[in-house]
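These notes concern the structure reproduced below.
The values are calculated or read from the model by the stated rules, or taken from the named source; none is laboratory data. Values in this document were obtained by computation on a predicted structure and should not be read as measured data. Positions of Cβ are backbone-derived with ideal geometry, glycine not excepted, and every protein chain shown enters the neighbour counts.
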Amino acid sequence: MATLTAAEWKSIEAIVGAQLAALKAGERDKAFGYASPGIRAQFGSAENFARMVAESYTALLSARYTEFLEGAVIDGVVIQPLRLIAPDNTVLVALYTMEKQPDGRWKIAGCALAPSTVQAV
């Protein structure tokens, strides 16, 4: 995969933001709809998916601040980073792996939290 257009990056940011908003609002089915087919198959239901997110991504769901960083295509994999400040002032980066579907829509294929080199003030 070559580079993405500015419009594609905006679309990806919108999808990540919409899933995060849905999760925070308790809209499990809506949030699960943004997940890739592989993630959907792995968790089987919106309830299982939401439970995993609540258990593993507490800092992301309760972030005091979020900011999209510049995305990148690394070895053909589309990565959308999101910097966040957790309630305890820890700065993390959520690295979203994105997957383009046959119909052209983007879906979230994974998310990993990593420490950031930036410190909260």
- region 60-78, subset among the aliphatic types (A, V, I, L, M) and crowded, with 18+ Cβ neighbours inside 10 Å, residue modelled with the highest pLDDT: 78
- Being of a type in the set (Val, Ile, Thr) and either under 13 Å from the mean Cα position of the chain (by Cα) or part of a strand (DSSP E or B) (or both) is the filter here, so list the residues in region 59-90 that pass it. 66, 73, 74, 77, 78, 79, 85
- Across region 91-121, what is the total count of residues that are over 17 Å from residue 72 (Cβ atoms) and either not hydrophobic (A, V, I, L, M, F, W, C) or not in a strand (DSSP E or B) (or both)? 11
- Message: Under 6 Å between Cβ atoms, which residue pairs at least 6 apart in sequence (or on different chains) link something in region 46-57 that is touching a residue at least 12 places away in the same chain (Cβ under 8 Å) with a partner that is surrounded by 13 or more Cβ atoms within 10 Å (Cβ to Cβ) and part of a helix (DSSP H, G or I)?
- Response: 46/28; 46/32; 49/32; 49/43; 50/28; 53/23
- Query: Considering only region 1-28, how many residues are in contact (Cβ under 8 Å) with a residue 40 or more places away in the chain, more than 19 Å from residue 93 (Cβ to Cβ) and either among the β-branched types (Val, Ile, Thr) or assigned to a helix (DSSP H, G or I) (or both)?
  - Reply: 3
- Message: If I filter region 29-39 for residues that are in a helix (DSSP H, G or I) and within 30 Å of residue 119 (Cα to Cα), do I get at least one hit?
- Response: yes
